[in-house]
Amino acid sequence: MVAHNGGQADWMKTTMHMQNNKNLTTIASYVLAAVTLLVVMKAGLLASLFAGLLVFSLVHMLAPALGKNISSQRAKVIAVTVLVVLIVLALSAAIWGAVTFFQSDAGSIGNLMQRLADIVEASRGKMPEWLRSHVPAGADALREMISSWFRANASNAQTMGEQAGRTLAHVLIGMVVGAMAALYDTTYPPDYKPLSAALHARIANLHAAFQNIVFAQVRIAAINAILTAIYLMVILPLAGIHLPLAKTMVAVTFLAGLLPVIGNLISNTVIVIISLSHSLEIAVASLVFLIIIHKLEYFLNAKIIGSHIDARAWELLAAMLVMEALFGLPGVVAAPVFYAYLKKELSDNGLV
């Protein structure tokens, strides 16, 4: 009887010890994940992280279709390797295409800013008095305002080329790392030690948050850009109205739309200002059209994003404000994904 009780006590002690070790391992994985994300933000590696997660997500989405008809492990590795290479090449081509477009006359951001300045100056006579009082009085005042802004941001402008090249290198390296991780994760059976398994769970949750937020936001941005293209390139031309920079506005609408909430403010401002080049009435019509689109987007956000992470627009906006205060523009970009990841971890532990 004594021996039996002693054996049960030893079993309970061993179980508790294993449970404590598991809890410590899980806590260590959370700490390492938090430190890693902080280093990513501080070191300017967000583009690399997102590029890697994008490749990782695409491979995980497409690889299962290959595995259905392939039984050999070696053939599966070869097939997934080809898939990885094709995905990296396709993403590289898309990046090159975007860079080429925005360096062209049609998509040049510099040309867009100059045209916006010209439109604002030419449209002063069409503005109501309350709005005209907030607009620079004439070309000289407008040029002085722009020059002052450039002087104030001269140090940033000098480093933009260097930062762009570094970011592009980070993106390419991130895609390669994501491709290698996806290749291993989809072709080899998992055999993780306790800490590795806990860290893999953190990565899986971050990957799920990224996939839910980014892919959903891409769909929303694409719908927004398509509706904007219909308005600018079909509806207005049928009414005999041809606005300048229509293609550029559609591209800006899509790219800005990748940023939740504030992206719409950026694209809307550009479209309304360019609509002023025709008349105040068209600018108002454009504003009404954009308001209607964004009312539709509230339903899209609720269905596409909210259904995945159970987050409201005000939650994402609050997260973006905090992250912007801490990390600037990269914080705005990272906030939706990091917030979705945090909420996923809290939800998995029954805390929210």
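The values are calculated or read from the model by the stated rules, or taken from the named source; none is laboratory data. Owing to the predicted nature of the structure, the values given are computational and were not obtained by experimental measurement. Positions of Cβ are generated from backbone atoms using ideal geometry, with glycine treated the same way; all protein chains shown enter the neighbour counts. The area values use the complete protein model at the heavy-atom level, side chains included, leaving out ligands, DNA and RNA. Shrake-Rupley method; radii C 1.70, N 1.55, O 1.52, S 1.80 Å.
Here are some notes:
- If you plug the beta carbon distance of residue 173 and residue 284 into 1/(1 + (r/R0)^6) with R0 = 56 Å, you get a FRET efficiency near 0.75.
- Remark: accessible surface ordering of 26, 36 (largest first) is 36, 26, probe radius 1.4 Å.
- FRET efficiency for residue 291 and residue 195, using Cβ-Cβ distance with R0 set to 35 Å, rounded to 0.05: 0.10
- Candidate residues 243, 351: accessible-area rank, largest first, probe 1.4 Å: 351, 243
- 13 Å beta-carbon shell around residue 254, net charge (K/R +1, D/E -1): +2
- Share of carbon and sulfur in the accessible area of the range 22-67 stands at 78%, probe radius 1.4 Å.
- When the C-alpha to C-alpha distance is required to be over 30 Å, the pairs from 247/344; 42/247; 22/344; 22/76; 22/343 that qualify are 247/344; 42/247; 22/76.
- Point-to-point label distance, residue 86-residue 266, nm (Cα→Cβ direction, 7 Å offset): 3.2
- With a Förster radius of 51 Å applied to the C-beta separation of residue 349 and residue 234, the computed FRET efficiency comes to 0.55.
- Length gained on full extension, residue 61 to residue 218: 54.9 nm, using 0.36 nm per residue less the C-alpha separation.
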